[in-house]
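Accompanying notes for the structure given below.
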Amino acid sequence: MIIDATDLPASGRFVEGEHRFPLRVYFEDTDFSGVVYHANYLRYLERARSDMLRAAGIDQRGAYEQGLGVYAITDLAIRYRRPARLDDDLLVVSRVMDTKAASCVIHQRVMRGDVLLADAEVTAAFLSPEGRPRRQPDAWLDIFRRLKGDEVAS
């Protein structure tokens, strides 16, 4: 079987420092009235963040398999503004806002066209296999700085 690029899952793209991740609302995402169940926005945000990191060159799976550590969400604030509904085409827009030695803050918006549906700020901490905060790899910190538009030390 030959695998074509169109057979691969959508992974979004970067536009001016923002990662743009498209998705569609399916029946399984909604409640009995056809409105997206509130917890499913968290799934959308997680998928978009994971693909943003992958597209930026951050190998979370490799870090886990090498015993370096993993990201864990330590803080999340979300505001629901408008409902998404069955068959809506959505776009999750993610931007790195702040980076520290062991964490990063990502602002995310769920959009339907020009309409803001949900707005979230997420803090992800990098943790050792023992569950303690650990400095992120320097290469990853450089990636985050570039995404924020900061100068990167040579």
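The values are calculated or read from the model by the stated rules, or taken from the named source; none is laboratory data. These numbers were taken from a predicted model, which means no experiment stands behind them. Neighbour counts are summed over all protein chains in view; Cβ atoms, including those assigned to glycine, are modelled from backbone coordinates with ideal geometry. The protein model used for the area step is the full one, side chains on, heavy atoms only, and it has no ligands, DNA or RNA in it. Shrake-Rupley method; radii C 1.70, N 1.55, O 1.52, S 1.80 Å.
Report, to the nearest 10°, how far helix 38-56 tilts away from the longest principal axis of the Cα atoms in the chain, using its own Cα long axis and a range of 0 to 90°.
Approximately 40 degrees, to the nearest ten.
Tell me, how many Å apart are the Cα centres for segment 86-118 and for segment 38-68?
13
Counting helices only, and only those DSSP H runs with n ≥ 4, report the 222 nm mean residue ellipticity of the chain as the sum of -39,500 (n - 2.57) divided by its residues, in deg cm²/dmol to the nearest 500. Mind dumping the intermediate values first?
Details: 3 runs with 36 residues, N = 154.
Computed ellipticity for the chain at 222 nm equals -7500 deg cm²/dmol.
Would you work out what percent of the accessible area of the chain, with all protein chains in place, is carbon or sulfur (probe 1.4 Å)? Please report the intermediate quantities before stating the final value.
On the way: 4760 of 9520 Å².
Reported share for carbon and sulfur atoms: 50 percent.
For the chain, take the longest principal axis of its alpha carbons; what is the angle in degrees between that and the long axis of helix 138-148, to the nearest 10 within 0 to 90?
Once rounded, one gets 50 degrees.
Keeping every protein chain present and rolling a 1.4 Å probe, give me the accessible area per residue for the chain in Å².
Details: 9520 Å² over 154 residues.
Accessible area per residue: 62 Å².
If you filter segment 52-143 for trypsin sites (Lys or Arg not before Pro), then keep DSSP loop positions with at most 12 other Cβ within 10 Å, what is left? Don't skip to the answer; put the middle values down first.
Working: sites: Arg54, Arg61, Arg79, Arg81, Arg85, Arg95, Lys100, Arg109, Arg112, Arg134, Arg135; in loops: Arg81, Arg134, Arg135.
Qualifying residues, ordered by number: Arg81.
Heavy atoms of the protein only, probe of 1.4 Å, neighbouring chains included. What is the accessible area of Phe14 in Å², nearest 10?
70
Give the label of the value calculated from the structure for mean projected area of the Cα convex hull in nm², choosing from (i) 8.8; (ii) 10.5; (iii) 11.4.
This structure yields the entry labelled (iii).
Relative contact order (percent) for the chain, with alpha-carbon contacts under 8 angstrom and 6 or more residues of separation? Walk me through the numbers before you get to the answer.
Numbers: 275 pairs, mean separation 37.0, N = 154.
Once divided by the residue count of the chain, the mean separation gives 24 percent.
Based on DSSP loop calls and a cut-off of at most 10 other Cβ atoms within 10 Å, the longest stretch of the chain free of exposed GluC sites (Glu not before Pro) is what? Write down the numbers at each step before the final one.
Details: sites that count: Glu16, Glu130, Glu151.
That would be 17-129.
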